[in-house]
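Encoded as C-alpha cells, the structure appears first; notes follow it.
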Amino acid sequence: MPAIIFPGIGPARFADAARFMVVHPVARRLVAEADRALGYSLVDRYRAADADGGYPEPARIAFLVNCLALAEWAVAEHGLAPAACAGASFGGTAAAVHAGVVPFAEAVAMTAEWGRRVDAYFAREHRDIVTQSFARVPSGRLAEIRAELDERGEWNEVACHVDDDFHMLSVRESVLEDLQKRLRAAGGLPLYVMRPPMHSAMFGALRDEIEAEVVAGVPFADPRIPVVSDHDGSLLRTAAEVRTLLLDGVTRTVRWPSVVAALRGLGVERVHVTGQDGLWGRVDAMTRAFEVVAVKPDTAMRPRRRSAIA
C-alpha cells in the first residue's frame, strides 16, 4: 500500500526546478494558475531571486508547485491509490492541497502572505534565536546536552525530531558556538543554522497573527484521504483538523518518527517522496520502514520507454 510524502523545503538548483516548471505539462498548468493567483510571473521572479539564496517568496512557491506537480504525475503515472499523505514542516501545505483540503490557488496566495508575515515578524521579534540542525546525536545524548543548557539557564527547544539521531534545536545565538562544540564532543555533526528559526511555542503571537489575518478567509474542506500530522502522527480527517495542523506548524515540534509509525499502522509499505528532498525520505527511520521512491523533476522528465514494434 502506498503513501505520498511531501518533504520540508530544502535547497534546489534554479536551473533544474525552472526547467521542470516550464517543460512538464502538469507543472506548466500549475505555474499558470500560480501566476494568476500571485499577479506576477513565478518563473521570472524565481530567476531574479535565485542569486540571493535562502528561501524567498518565489522559491517557496516554486517548491510548493513542483511538489504538487510531481505528486499529481506520480499518482497518474503509477496508478497510485495512496492510503494517506503527509508533509514535513513546509510540506504540510502541499499535503493539504493534495488531499483536497485547500484549493491550489488559495494555497499559493496563502503561502505568499504567510511568508511575508514570517519575514516581518522575525525582522522585529526573537532576532537572537536560531535553529541548529545536527546528526549523529541520539535522543538520550541530546537530553543530556539540553539538561546542561537548562542548568545554565539557557533557553532551548527541539524544533524537529527527524530521526533518533537527527534533530534541530533552537537556542539563543549567543550559545550557538558552545552548542556546536558540545555536539562535536558528543560525536555529533552540526549541519546548517536556520534563520529565521522555526517550530517553537515562543512564536504564539505569530501563529495568532497568521490565523487572524492570513488563514481566516481561506476555504478548507475535509480531506479526500487522511493527512498524517507531522506533530504527533494522528490521522486528520476533517477540515478543522488540517487547518489546525498548518497553524500549529508555527509553534509545535515536528516529530517525524510519529509519521513513520502512523503510516506503518495503516499498512503502508511504499512511500513516494514527491519533491527535491535531501533529508526526510532518506533518514534511517524511513528507509528501514518503507520502500522509498524518490520522485524528483528528473524522474518525471525522463523519457518513457516505447514498446518495441513487431
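Points worth noting:
- Residue among V293, V242, V273 that is surrounded by fewer than 22 Cβ atoms within 10 Å (Cβ to Cβ), within 21 Å of L70 (Cβ to Cβ) and modelled with pLDDT of 95 or more: V293
- Contacts under 8 angstrom Cβ, first residue in the stretch 232-247 being under 14 Å from F90 (Cα atoms), partner of a type in the set (S, T, N, Q) and part of a helix (DSSP H, G or I), 6 or more apart: L246/T93
- Note on the stretch 75-89: residues that are of a type in the set (D, E) and not in a helix (DSSP H, G or I) total 0.
- Qualifying residue in the stretch 125-145 (condition: more than 28 Å from L189 (Cβ to Cβ) and either small (G, A, S) or assigned to a helix (DSSP H, G or I) (or both)): no
- Flag if G281 is over 18 Å from the mean Cα position of the chain (by Cα) and not in a helix (DSSP H, G or I): no
- Residue that is basic (K, R), in the same structural domain as C67 (by TED's automatic domain parsing) and either surrounded by fewer than 15 Cβ atoms within 10 Å (Cβ to Cβ) or touching a residue at least 60 places away in the same chain (Cβ under 8 Å) (or both), where the choices are R264, R252: R264
- Qualifying residue in the stretch 17-35 (condition: at pLDDT below 90 and surrounded by 17 or more Cβ atoms within 10 Å (Cβ to Cβ)): yes
- Restricting E33, E72, E106 to residues that are over 28 Å from C160 (Cα atoms), assigned by TED's automatic domain parsing to the domain that holds R264 and either in a helix (DSSP H, G or I) or not hydrophobic (A, V, I, L, M, F, W, C) (or both) narrows the list to E33.
- Any chance A27 is in the same structural domain as R224 (by TED's automatic domain parsing), closer than 22 Å to C85 by Cα and in a helix (DSSP H, G or I): yes
- In the stretch 161-171 there is no residue that is more than 23 Å from L279 (Cβ to Cβ) and either of a type outside the set (K, R) or assigned by TED's automatic domain parsing to the domain that holds V260 (or both).
- Reported count of residues in the stretch 136-152, each being over 16 Å from K181 (Cβ atoms), under 26 Å from the mean Cα position of the chain (by Cα) and either surrounded by 12 or more Cβ atoms within 10 Å (Cβ to Cβ) or of a type in the set (A, V, I, L, M) (or both), is 3.
- Total residues in the stretch 83-107, condition buried (at least 24 other Cβ atoms within 10 Å of the Cβ) and in contact with a strand residue (DSSP E or B) (Cβ under 6 Å, 6 or more places away or on another chain): 9
- Counting the residues of the stretch 219-238 that are surrounded by fewer than 18 Cβ atoms within 10 Å (Cβ to Cβ) and within 16 Å of F104 (Cβ to Cβ) gives 3.
- Any hit, the stretch 148-159, residues being assigned by TED's automatic domain parsing to the domain that holds F290, among the acidic types (D, E) and either under 24 Å from F6 (Cβ atoms) or not in a strand (DSSP E or B) (or both): no
- Any hit, the stretch 51-73, residues being surrounded by 14 or more Cβ atoms within 10 Å (Cβ to Cβ), more than 21 Å from the chain's Cα centre (by Cα) and not β-branched (V, I, T): no
- One residue stands out in the stretch 116-136 among those that are without any contact (Cβ under 8 Å) to a residue 60 or more places away in the chain and touching a helix residue (DSSP H, G or I) at 6+ places or on another chain (Cβ under 6 Å): the one that is nearest to P82 (Cα to Cα), namely F134.
The values are calculated or read from the model by the stated rules, or taken from the named source; none is laboratory data. Every value quoted in this text rests on a predicted model; they were computed, and no experiment measured them. As a convention, Cβ positions derive from the backbone with ideal geometry for all residues, glycine included, and neighbour counts pool all protein chains shown.
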